[in-house]
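Asker: Below is the structure I would like to discuss, written out as structure tokens.
The values are calculated or read from the model by the stated rules, or taken from the named source; none is laboratory data. Remember, it's a predicted structure, so these values are computed and weren't measured experimentally. Neighbour counts run over all protein chains shown; Cβ positions are idealised from the backbone, glycine included. We work out accessible area using only protein heavy atoms, side chains counted, and drop any ligands, DNA or RNA first. Shrake-Rupley method; radii C 1.70, N 1.55, O 1.52, S 1.80 Å.
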Amino acid sequence: MTIIFMIIFMLNTFQQEYARERKKMVEDQIIKRGISDRNVINAMLTVPRHLFVPEYMKSRAYDDSPLEIGEGQTISQPYIVAYMTEKLRLKPSDKVLEIGTGSGYQAAVLAEICDSVFSVEIIPELALTAEVNLEKAGIENVHVKCADGYFGWPEHAPYDAIIITAAPEKVPEPLLEQLAPGGRLIIPVGHRSYTQFLMLYEKKEKKISSRTLLPVRFVPFTREKDQLH
Ligand SMILES: C[S@@+](CC[C@H](N)C(=O)[O-])C[C@H]1O[C@@H](n2cnc3c(N)ncnc32)[C@H](O)[C@@H]1O
């Protein structure tokens, strides 16, 4: 019995410590750098980022940097997650498509704010881990599929917002097609060895406008072998 109480006590202490680190992350890395959307701030305060990184990275979960998640991929820096989410101007009723599930963390942040998230990951091991991470975090409105995200997820289109978290050399046409009128799409675009830029696309009726936001560095958008020509 005493051992059980000690384990519960230690788990509570860890949870409190992670909550403290999360609050500090939000104050120092998110609010001080200009993120002001209350929904984004609350989501970043709520989602337990340490549940989305491998065991050996847990002590660095709230660091001001991207972190390895295995398979040569990364979970983005907290500020970039918040920045991209804010630029999507999400509403609670929104349906969002994410390409590049990775750890599932960005999807979890989106899911705190909107109705549902459909997320596509090309690496099967990561898609599976993301599902486990999301379950551990108690998040039920994210749907994960393992596929080449170039084609989006047409069965659930159109989407109010689309976020791509790996960098292609140009925006995949099917993703722009799956954006609803009035929808926003955010994507890093560029070659891996040169500067990439975060771009924001907006669809007004059938017209699409675009704006360059920030220089960034994302992992490359990869394609299934049979699609590479
Ligand atoms: C920077 S990581 C994503 C970070 C993730 N959003 C998170 O919160 O952990 C980029 C992800 O995009 C995935 N990816 C790259 N090309 C893809 C494609 N064509 N379709 C789907 N996922 C892709 C990578 O495997 C990787 O997991």
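Asker: In whole angstrom, note down how far apart the Cα centers of region 77-154 and region 195-218 are.
Answerer: Distance between centres, Cα-based: 19 Å.
Asker: Rounded to the nearest 20 debye, what is the charge dipole size of the chain about its Cα centre when +1 sits on each Lys and Arg Cβ and -1 on each Asp and Glu Cβ? Each step should come with its number before you reach the end.
Answerer: Values: 27 positive and 30 negative charges, 171 e Å.
In debye, rounded to 20, the chain gives about 820.
Asker: As an exercise, use a Förster radius of 41 Å and the Cβ-Cβ distance of residue 93 and residue 191 to find the FRET efficiency, rounded to the nearest 0.05. Spell out each step's value before the answer.
Answerer: Numbers: r = 37 Å, r/R0 = 0.90.
Here the calculated transfer efficiency is 0.65.
Asker: Okay, moving on. So which of 23/203; 95/136; 91/170; 24/170 end up more than 29 Å apart by C-alpha? Please list the in-between numbers first.
Answerer: Working: 23/203 35 Å; 95/136 22 Å; 91/170 27 Å; 24/170 36 Å.
In this structure, 23/203; 24/170 lie more than 29 Å apart at Cα.
Asker: Around residue 98, which amide H atoms from residues at least 5 apart in sequence, or from another chain, sit under 5 Å from its own amide H, with H modelled in the peptide plane?
Answerer: 118, 119, 120, 163
Asker: Next question, about the same structure. Once the Cα atoms of helix 2-25 and of the chain are each reduced to a long axis, what angle between those two axes, in degrees from 0 to 90 to the nearest 10, is obtained?
Answerer: 40
Asker: Any idea which of 82, 99, 133 is furthest toward the positive side of the dipole for the chain, if Lys and Arg beta-carbons carry +1 and Asp and Glu beta-carbons -1?
Answerer: 82
Asker: Taking springs between alpha-carbon atoms closer than 10 angstrom, which of 70, 100, 190 fluctuates most in the Gaussian network model of the chain?
Answerer: Evaluated over the chain, the most mobile residue of the options is 70.
Asker: How much length is gained if the chain between residue 10 and residue 147 is pulled fully straight, taking 0.36 nm per residue apart and subtracting their Cα-Cα distance, in nm to one decimal? Before the final figure, lay out each step's value.
Answerer: Details: separation 137, 0.36 × 137 = 49.32 nm, distance 3.97 nm.
Contour length minus Cα-Cα distance gives 45.4 nm.
Asker: On to the next question. What figure in square angstrom, to the nearest 10, would you give for the accessible area of residue 24 with a 1.4 Å probe?
Answerer: 120
Asker: While we're on this one: To the nearest 10 degrees, how steeply does helix 124-136 sit against the main Cα axis of the chain, on a 0 to 90 scale?
Answerer: 50
Asker: Any idea what angle helix 78-87 forms with the longest principal axis of the chain, computed on alpha-carbon atoms, 0 to 90 degrees, nearest 10?
Answerer: 40
Asker: Run the accessible area of the chain with a 1.4 Å probe and give the carbon-and-sulfur part as a rounded percent. Write down the numbers at each step before the final one.
Answerer: Numbers: 6670 of 11990 Å².
Roughly 56 percent of what the probe reaches on the chain is carbon or sulfur.
Asker: Oh, and also: Compute the relative contact order of the chain as a whole-number percentage, counting only Cα pairs closer than 8 Å that sit 6 or more residues apart in sequence.
Answerer: On the way: 433 pairs, mean separation 31.0, N = 229.
Relative contact order of the chain: 14 percent.
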